[in-house]
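Single-structure report; data block below.
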Amino acid sequence: MKVAVQSEDFDLNLELSRMRAARNDIGAIVSFIGLVRDLNDGAAVTQLTLEHYPGMTEKALLAIVKEASSRWDVLDATLIHRVGTLQAAEQIVLVAVCSAHREHAFLACEFMMDYLKTQAPFWKKELTENGEHWLDDKASDHDALGRWKTNDL
Amino acid sequence: MKVAVQSEDFDLNLELSRMRAARNDIGAIVSFIGLVRDLNDGAAVTQLTLEHYPGMTEKALLAIVKEASSRWDVLDATLIHRVGTLQAAEQIVLVAVCSAHREHAFLACEFMMDYLKTQAPFWKKELTENGEHWLDDKASDHDALGRWKTNDL
Amino acid sequence: MKIKIFYFARLKETLKFSSEDLELPEAELSLIKLKGVLAKRSEVWQKMLLGNLKVRGAINHELVDDHALIVDGDEVAFFPPVTGG
Amino acid sequence: MKIKIFYFARLKETLKFSSEDLELPEAELSLIKLKGVLAKRSEVWQKMLLGNLKVRGAINHELVDDHALIVDGDEVAFFPPVTGG
């Protein structure tokens, strides 16, 4: 299991190669990459700045990976989140899950993204044609979290 | 949109790069890779041979991509399935979906895998320590399909 | 009518046929009736097409059920449930 | 008790504080009571901590609700709802 908070970009193939190395028991890998979109709520996004809470962030990401691993058969998982200033089309976040079975890989990956969106201490500030502003949290992200609430983190 | 049936291996990064080239409107990419597991129903798998129905396969894959694109906001999608003889840990299938929003990317990717598992004309023959045999279809795959049945393909 | 038939996977191996061209007196025929015609060839054909095996059919590259109608020029295929992915 | 407080994102920018060490007469205090103490500093503090903004809190790197208790040595953080991913 690997979690990382970093300003550098990540490489999906590299992360998958590391997880797959020297093992033949993986049947399914589901990965999610979140990118900076050039348009948010109708305004052109020039750049995005990501702030985080250094002392807490890695702990929160580890807790998410651990919780996912306790709910599903996860052979390995990687969660990388970038911080600092990013341009349109740059990669923000990677969640990758290896499992024997595809249902487990899909569920664990979605779960991790939904939890990350509402529980990990990152904040986005957008620079658009209309100036700079902090993003508000989305009701849809809180709704997405709802379906996993058999027990809380 | 791209579908392919091929004996050669595929490269996830290469496929994602192609889909991402010259566009800034992608917010989420979900990808699935299916691999040859060394163990199936308790027997060690030495190799896997994939047969398909050449005239029908690409049509079936295209129909799956089209159906997914009609149900969710899919900016681009790639579906590659290998045929021929594969060894343990080799890649079998790739489904990758680009969307503005993560829910759409996840749903479209899962949908495509569930449909492919039950609708695309591929057949697996395993060579294990106990000899060679054709795989049977799994009830769990038919169950997985059930949840998408608002209308059929 | 003249049709072409393909066999795949376990069916192809056991029947020792991968494809054939067939001429039939009927102008149209349901998939299940075609299975019946083929099953008369021998015990093996009977067992493979009308036995305990689940046999799926396609007409012109579309998955169809047993009641689908085959007409002149069609490409028919018989195979076990698919197991790709 | 002595505690450390961190502020993030909009709170940090508006309050012009990223962190502070604070000594308080109480031996323990709920998060909401701490907000009340800080809100007395000025109108801006009042508005940021007890206004319309949703303010989340963490104690020792764990997300907590307003009734969580802070004790000596704790690291407290205030921030808006998270928006990563």
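When you filter the trypsin sites (Lys or Arg not before Pro) in segment D:44-85 for DSSP loop state and at most 14 other Cβ atoms inside 10 Å of their Cβ, you are left with D:54. The alpha-carbon atoms of segment A:2-144, seen along their principal axes, cover 51, 30, 29 angstrom, with the largest extent given first.
For the protein assembly as shown, what does -39500 (n - 2.57) per DSSP helix run (n ≥ 4), summed and divided by total residues, give at 222 nm, in deg cm²/dmol to the nearest 500? About -10000 deg cm²/dmol. Couplings 3J(HN,Hα) for segment C:21-35, derived from phi with the Karplus relation 6.51 cos²θ - 1.76 cosθ + 1.60 (θ = phi - 60°), are 9, 10, 10, 10, x, 5, 7, 8, 7, 6, 4, 5, 5, 4, 4 Hz, where x marks Gly and Pro. Just list whichever of D:4/D:35; D:16/D:47; A:125/D:4; B:125/C:2 have alpha carbons separated by over 22 Å in the model shown. Long pairs (Cα-Cα over 22 Å): A:125/D:4; B:125/C:2.
Between this copy and the others, label points of residue A:132 are 6.7 nm apart in ascending order, each placed 7 angstrom from Cα in the Cβ direction. Each part reduced to its alpha carbon centroid, segment D:31-47 and segment A:113-144 end up 25 Å apart.
A simple rule links phi to the HN-Hα coupling: the Karplus curve 6.51 cos²θ - 1.76 cosθ + 1.60 with θ = phi - 60°, which for segment D:40-57 gives 6, 5, 5, 5, 4, 5, 4, 5, 6, 8, 10, x, 7, 4, 7, 10, 9, x Hz, with x for Gly and Pro. Chain C comes nearest to the axis taking it onto chain D at the Cβ of one residue; that residue and its distance, in whole Å, are C:85, 14.
Size descriptor for segment A:90-130, Kirkwood hydrodynamic radius: 12.4 Å (Cα pairs only, one decimal). Note: relative contact order over segment D:2-79, using C-alpha pairs below 8 Å and six or more positions apart, is 42 percent. Amide hydrogen proximity for residue A:76: with H placed 1.01 Å from N in the peptide plane, the residues at 5 or more positions away or on another chain lying under 5 Å are A:98. Between the residues D:80, D:22, D:3, the greatest Cα displacement towards the positive end of the dipole of chain D, with unit charges on the Cβ of Lys, Arg, Asp and Glu, is found for D:80.
Structural descriptor for segment A:1-150: relative contact order 33 percent, calculated from alpha carbon pairs under 8 angstrom and at least 6 residues apart. Evaluated at q = 0.06, 0.14 Å⁻¹, a Debye calculation over the C-alpha positions of the protein assembly as shown (equal weights, vacuum) places log10 I(q)/I(0) at -0.36, -1.28.
Just tell me the longest site-free run in chain A, where the sites are GluC sites (Glu not before Pro) in a DSSP loop having at most 16 other beta-carbon atoms within 10 Å. The longest uninterrupted stretch comes out as A:9-89.
Report, ordered by chain and residue number, the lysines lying within cross-link reach of residue A:2, taken as a straight Cα distance under 26 Å and ignoring same-chain residues fewer than 8 apart. Answer for residue A:2, where 26 Å is the Cα cut-off: A:59, A:66, A:117, A:124, A:149, listed by chain and number. Residues B:46, B:128, C:83, arranged from fewest to most other Cβ atoms within 10 angstrom of their Cβ, appear as B:46, B:128, C:83.
A Cβ-based charge dipole, computed about the Cα centre of the protein assembly as shown with Lys and Arg at +1 and Asp and Glu at -1, lands at about 220 debye. Sorted from closest to farthest, the other copies place their residue A:89 label points 3.5 nm away, with each point set 7 Å from Cα along Cα→Cβ. The magnitude of the dipole of segment B:2-144, with charges of +1 and -1 set on the Cβ of Lys/Arg and Asp/Glu and taken from the Cα centre, is near 540 debye.
With the Kirkwood sum run over all distinct C-alpha pairs, chain D has a hydrodynamic radius of 12.9 Å.
Ranking C:35, B:117 by Cβ neighbours within 10 Å, fewest first, what do you get?
Values: C:35 19, B:117 23.
Taking fewest neighbouring Cβ atoms as first place, the list is C:35, B:117.
Mean Kyte-Doolittle of at least -1.0 and a Cα length of 18 Å or more along the axis: which whole DSSP H helices of chain A meet both? Membrane-span-like by this rule: A:54-71, A:102-119.
Taking a point 7 Å out from the Cα of residue C:2 in the direction of its Cβ, the residues of segment C:22-59 whose backbone N falls within less than 18 Å of it are C:22-29. Cβ crowding within 10 Å ranks B:73, D:74, B:41, B:143 as B:41, B:143, B:73, D:74, fewest other Cβ atoms first. Residue-normalised convex hull volume from the C-alpha trace of segment C:36-85: 92 Å³ per residue.
Diffusion coefficient of segment B:29-80 by Stokes-Einstein, Kirkwood radius over Cα pairs, 4 °C, 1.567 mPa s: 93 µm²/s.
Since every read-out is calculated from the coordinates, none of them should be taken as a lab result. Note that the structure is predicted; figures quoted are calculated from it, not measured. When we count neighbours, we look across all protein chains shown, and the Cβ atoms used for this are built from the backbone with ideal geometry, even at glycine.
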